[in-house]
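As structure tokens, the structure follows; a few thoughts come after it.
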Amino acid sequence: MCDTQYVNRDIIVRGDPRRWDLRRVVRRGLGGVQRCCSGKSEGWGTADVVIVGWLRTFTVLGMKIEECRNCGATCDHVVGRKVNWGTLFWIPLLFLGFTHGMLCTACGHWTGIPFLKVREAMRSGQLALPRERPAAQQLLAASAEAGQPPLNATAVYDTMLVNPRRGAMDTYLKAYPFIVGGLVLVVAASTALRPPPPVTIAAPAHTCWVDAAGEVTGCKLVSGEVVGTTTTNATVTCWFAEPVTESTSLNCDND
């Protein structure tokens with residue numbers, strides 16, 4: 001109902017929130033658009049399908065009586081939150097922002113409301129909006145009963161009924177910062193605890209002597225000392241780390 005008979009002395013208790021038609025309200029709040037965009041990538045010899053896109057969810061936070069600036073009706077306005085998500089395989093993973101506002105149940109007109117004001121209203125049950133209401137005086141005067149004064153404008157227009165069942169997406173949005181923070185901590189911890197890669201030290205080059213069979217018989221160390229014998233004139237360049245032991249591996253250019 002959206003007429004002068006709608007404003008009466010039972011206006012503060014105008015229905016159990018558990019009986020609200022939330023499905024119809026959510027459809028109007030989404031504006032008919034919920035999901036879009038899917039992509040596919042193909043590799044060599046195989047086809048890998050990756051479905052990405054975006055999702056808009058609408059959460060009913062509460063209801064209040066307000067005079068619509070679009071249609072002029074004084075009726076219930078749904079206070080809600082629109083949230084945009086980036087999805088992977090239809091799973092909302094990337095938060096893309098939200099907007100808060102109220103939806104006229106008569107014409108579907110959306111009016112934006114600052115987030116902090118809505119959050120305070122969720123705690124106090126009062127959502128006072130500074131706006132002109134041309135029909136307010138007439139409606140409040142018509143609500144007067146015999147021997148009683150008209151209803152107070154503050155009690156009529158500022159009271160907000162908070163929705164106690166806001167759904168799984170509302171819970172997910174509240175937990176989202178902690179989920180992201182936890183993933184960042186896990187990645188940071190795994191990176192910090194990962195053992196460093198082995199350090200490879202380049203072995204210096206040495207001049208070595210070989211016999212007729214190509215076997216190394218002796219080498220000159222970095223200090224100038226010669227290890228082994230130098231009975232031949234055939235030399236090669238070998239790379240190895242000092243000091244020389246029985247297990248020292250030689251990497252020579254004639255290998």
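When region 33-69 is examined, which residues are found to be modelled with pLDDT under 80 and in a strand (DSSP E or B)?
Arg35, Cys36, Ser41, Glu42, Ala47, Asp48
Can you tell which of Val162, Val210, Val216, Val186 is under 30 Å from Gly86 (Cβ atoms), β-branched (Val, Ile, Thr) and surrounded by 15 or more Cβ atoms within 10 Å (Cβ to Cβ)?
Step by step, each of Val162, Val210, Val216, Val186 is checked, and only Val162 is under 30 Å from Gly86 (Cβ atoms), β-branched (Val, Ile, Thr) and surrounded by 15 or more Cβ atoms within 10 Å (Cβ to Cβ).
Here are some residues: Leu151, Leu161. Which one is in the same structural domain as Gly97 (by TED's automatic domain parsing), in contact with a strand residue (DSSP E or B) (Cβ under 9 Å, 6 or more places away or on another chain) and not in a helix (DSSP H, G or I)?
Result: Leu161 is the single residue among Leu151, Leu161 that is in the same structural domain as Gly97 (by TED's automatic domain parsing), in contact with a strand residue (DSSP E or B) (Cβ under 9 Å, 6 or more places away or on another chain) and not in a helix (DSSP H, G or I).
Out of the residues in region 52-74 meeting the condition of being of a type outside the set (S, T, N, Q) and in contact with an Asp or Glu (Cβ under 9 Å, 6 or more places away or on another chain), tell me which one is surrounded by the most Cβ atoms within 10 Å (Cβ to Cβ).
For region 52-74, the residue satisfying everything is Met63.
So how many residues does region 205-214 have that are of a type outside the set (A, V, I, L, M) and at pLDDT 85 or above?
Result for region 205-214: 4.
Conditions: (1) within 30 Å of Asn84 (Cβ to Cβ); (2) surrounded by 15 or more Cβ atoms within 10 Å (Cβ to Cβ). Phe240 meets all but one. Number of the miss?
(1)
Sort out which residues of region 120-137 are among the small types (Gly, Ala, Ser), assigned to a helix (DSSP H, G or I) and over 17 Å from Met63 (Cα atoms), and write them in order of number.
Ala136
Which of the following residues is within 19 Å of Ala175 (Cβ to Cβ), in contact with a strand residue (DSSP E or B) (Cβ under 9 Å, 6 or more places away or on another chain), among the charged types (D, E, K, R) and assigned by TED's automatic domain parsing to the domain that holds Leu139: Arg81, Arg69?
Sole residue among the options that is within 19 Å of Ala175 (Cβ to Cβ), in contact with a strand residue (DSSP E or B) (Cβ under 9 Å, 6 or more places away or on another chain), among the charged types (D, E, K, R) and assigned by TED's automatic domain parsing to the domain that holds Leu139: Arg81.
Could you check Lys117 against (1) without any contact (Cβ under 8 Å) to a residue 60 or more places away in the chain; (2) part of a loop (DSSP other than H, G, I, E, B) and say which number it fails?
Only one criterion is unmet by Lys117, namely (2).
Across region 169-183, what is the total count of residues that are aromatic (Phe, Trp, Tyr) and surrounded by 13 or more Cβ atoms within 10 Å (Cβ to Cβ)?
Residues in region 169-183 being aromatic (Phe, Trp, Tyr) and surrounded by 13 or more Cβ atoms within 10 Å (Cβ to Cβ): 2 in total.
Identify all residues within region 99-114 that are assigned to a loop (DSSP other than H, G, I, E, B) and within 22 Å of Ala155 (Cβ to Cβ); write none if there are none.
Hits for region 99-114 are Thr105, Ala106, Ile113.
Can you give me the number of residues within region 189-205 that are farther than 30 Å from Cys219 by Cα and either in contact (Cβ under 8 Å) with a residue 12 or more places away in the chain or surrounded by 10 or more Cβ atoms within 10 Å (Cβ to Cβ) (or both)?
Total satisfying the criteria: 1.
The values are calculated or read from the model by the stated rules, or taken from the named source; none is laboratory data. Model, not experiment: these values are computed from the prediction. When we count neighbours, we look across all protein chains shown, and the Cβ atoms used for this are built from the backbone with ideal geometry, even at glycine.
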